[in-house]
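Coordinate-derived values only; no laboratory data. As the structure is a computational prediction, the values presented were derived from the model and not from experiment. Here the Cβ is made from the backbone with ideal geometry for all residues, glycine too, and neighbour counts use every protein chain on show.
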Amino acid sequence: MPSGNAVGNRLRFRRVSAAALALGLTLVLAGCSTYVNRLHNVRDAYYDNNVERAGALLDHYARSYGREADAWKLDRAMVDLAAGRPRDAERRLREVRDSFDYLQQPALGEKAASLLTDDTHLAYAGEDYEKILIRAFLALANLMSGGGDATAYALQVSDVQEQIIQSGGAGAEQNPKLAYQRVALGAYLHGMLQEETHRDYDDAARSWVKVCSWEPAFPYGRCDVDRAAHGHHSQPGNGVLYVFALVGRGPYKKEVVEPASTIAMFAASAVVSATAKHSVPPSVAPIKVPKVVVSPNSTTAALVSVDHRPAGATATITDLGRLAVGQYDAIYPRVVVRAVLRRATKEGVVYGAKAALKTQNNSLTNFAMDLGGIAWEATESADTRCWGLLPDRIQVLRLELPAGEHMVGLRADAGLVAPAENQKSVRIVDGRNTYLLATLVDGRLIGNILTSAN
């Protein structure tokens, strides 16, 4: 007859094995519907120019996945802009801006709890580049619907990016955010709006000097500085048209495996198991982290015509793909450290449980706890929530035109075969700015062309 201890060990083994199996099954089922898959569906619809379907998907996902709601709202704002609804876009962007600001407050309990699961269980507080770009797109959306708050939004772009950089720590060695590229769009918009006052040319010039410093490849920057230095907006009887183009498929996150950290954790767990009183689960599950990536893009600029005559090409004022990848790469070591700390915490919990139960390294209970620990670690997912419908670049072209109605044409500079031109009637006002906004991806227009005179 088996002893009481043997029977007890078998019962404990069965219970813990069942728990491990349940964890593994949960992982498999969860993998059938992930954030990455949902974002893939949205991007497919949007880039196929099926803007309404993309909007319907986003609305459904925002209702169904609460922890992802703010990320979906950001993408919904891009759909609203493409669909010609800038006020809706501005409203959603303000909501997310306020939510991200609120989430900057310490949440030590939530962060500690996420060490026992993964970062997808945290409220999404946005990446640094997203917090900055929210203000930039608020300014653009506001310009397309009246422009009353655009100056304030433009100033917020520079203010917020400085706050974020200073939040990274003291000293060049301890603060990776000092390497962040500045976003020139906010300064450009501020200069543009100050010039339109016909009096604040010094403010305009200072803003455009920042543009030249932060985006030195922007070809029109020196002309802007010189024009402001001479106190000139436009000739009498003329106004100015600013053509803004959102070009290409922008950055997004995907899940990647950190091989060096995975190997290091496997070796560390093996050393602990061989030398300590109790073993820890072998760290065989890969350590997963999010990574910001960009897609290849064929569209390099928007070619602009006015009244059926070539007028120029848009140029990049902010390279969002480069910005997002550069900023994320700067903090990537911290992302990896947090993932490693999470793995170490889970192994520490299992070790502590074994110590409390006084299991032996060769017991069935010990083996079952290791199995459960492996399944627990395997449930980790990288937090790939992101602003997934950002363009690759924001571009601009400034044109001085006679007051009155003009037919403005746009086509993408992509490939050997010229794409079809999309046209929009625009009214130019003497001494004032008029704004046009369009999204161009893979050689074609996404949604509608917006103008501030709509």
Quiz item: So what's the net charge close to Gly248: Lys and Arg +1, Asp and Glu -1, counting the other residues with Cβ under 14 Å from its Cβ?
Solution: +1
Exercise. Go ahead and run the numbers for FRET between Arg222 and Ala152, Cβ-Cβ distance against an R0 of 35 Å, rounding to 0.05.
Key: 0.80
Quiz item: Efficiency by 1/(1 + (r/R0)^6): what FRET value for Asn49 and Arg87, r their Cβ-Cβ distance, R0 = 22 Å, to the nearest 0.05?
Solution: 0.50
Quiz item: How much length is gained if the chain between Arg309 and Ala123 is pulled fully straight, taking 0.36 nm per residue apart and subtracting their Cα-Cα distance, in nm to one decimal?
Solution: 61.9 nm
Practice problem: Measure up Lys253/Lys424; Lys254/Lys358; Lys291/Lys424; Lys73/Lys254 against 30 Å on the Cα-Cα distance and list the ones that go over. | Solution: Lys253/Lys424; Lys254/Lys358; Lys291/Lys424
Quiz item: Under 16 Å from the Cα of Lys177, which aspartates and glutamates turn up, not counting those fewer than eight places away in the same chain?
Solution: Glu127, Asp128, Glu130, Asp159, Glu162, Asp329
Self-check item: Using θ = phi - 60° and Karplus 6.51 cos²θ - 1.76 cosθ + 1.60, couplings along the range 302-319 (whole Hz; Gly, Pro as x)
Solution: 9, 8, 10, 10, 10, 6, 6, 10, x, 10, x, 10, 5, 10, 6, 9, 8, 8
Practice problem: Tabulate in residue order the Karplus-calculated ³J(HN,Hα) for the range 151-168, using 6.51 cos²θ - 1.76 cosθ + 1.60 with θ = phi - 60°, rounded to whole Hz; enter x for Gly and Pro. | Solution: 4, 4, 4, 4, 5, 4, 4, 5, 4, 5, 5, 5, 4, 5, 4, 5, 6, x
Quiz item: If r is the Cβ-Cβ distance from Ser99 to Thr345 and R0 is 30 Å, what FRET efficiency results, to the nearest 0.05?
Solution: 0.60
Quiz item: Can you list the residues, at least 5 places off or on another chain, whose amide H is less than 5 Å from the amide H of Val256, using H built in the peptide plane?
Solution: Val289, Lys291
Quiz item: If each of Ala56 and Val293 carries a label point 7 Å out from its Cα toward its Cβ, how far apart are those two points in nm?
Solution: 2.9 nm
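Could you work out the local net charge near Gln327, counting Lys and Arg as +1, Asp and Glu as -1, over the other residues with Cβ closer than 10 Å to its Cβ?
Result for the local shell: -2.
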Practice problem: Calculate, in nm to one decimal, what Ala353 and Asn41 gain on full extension: separation in residues at 0.36 nm each, minus their alpha carbon distance. | Solution: 108.1 nm
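Hey, can you rank 289-300, 333-344, 84-95 by average C-beta count inside 10 Å, highest first?
In descending order of packing, they fall as 84-95, 289-300, 333-344.
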Quiz item: Once phi is turned into ³J(HN,Hα) by the Karplus curve 6.51 cos²θ - 1.76 cosθ + 1.60 with θ = phi - 60°, what whole-Hz value does each residue of the range 189-196 show in order, with x for glycine and proline?
Solution: 5, 5, x, 4, 6, 5, 5, 5
Quiz item: Can you sort Arg199, Arg385 by how many other beta carbons sit within 10 Å, fewest first?
Solution: Arg199, Arg385
Practice problem: Mind giving me the nanometre distance, one decimal, between the label points for Thr379 and Gln163, set 7 Å out from Cα along Cα→Cβ? | Solution: 3.6 nm
Practice problem: Quick one: which residues, 5 or more positions from Gly84 or on another chain, have an amide H under 5 Å from its amide H? H modelled 1.01 Å from N in the peptide plane, none for Pro or chain starts. | Solution: Asn448
Quiz item: How many nm is it between the label spots at Arg427 and Val337, if each spot is 7 Å from the Cα in line with the beta carbon?
Solution: 5.8 nm
Exercise. Place the peptides 319-330, 427-438 in order of packing, highest mean first, counting for every residue the other Cβ atoms within 10 Å and averaging per peptide.
Key: 319-330, 427-438
Quiz item: What does the highest-first list of 71-78, 401-408, 202-209 look like by mean Cβ count within 10 Å?
Solution: 71-78, 202-209, 401-408
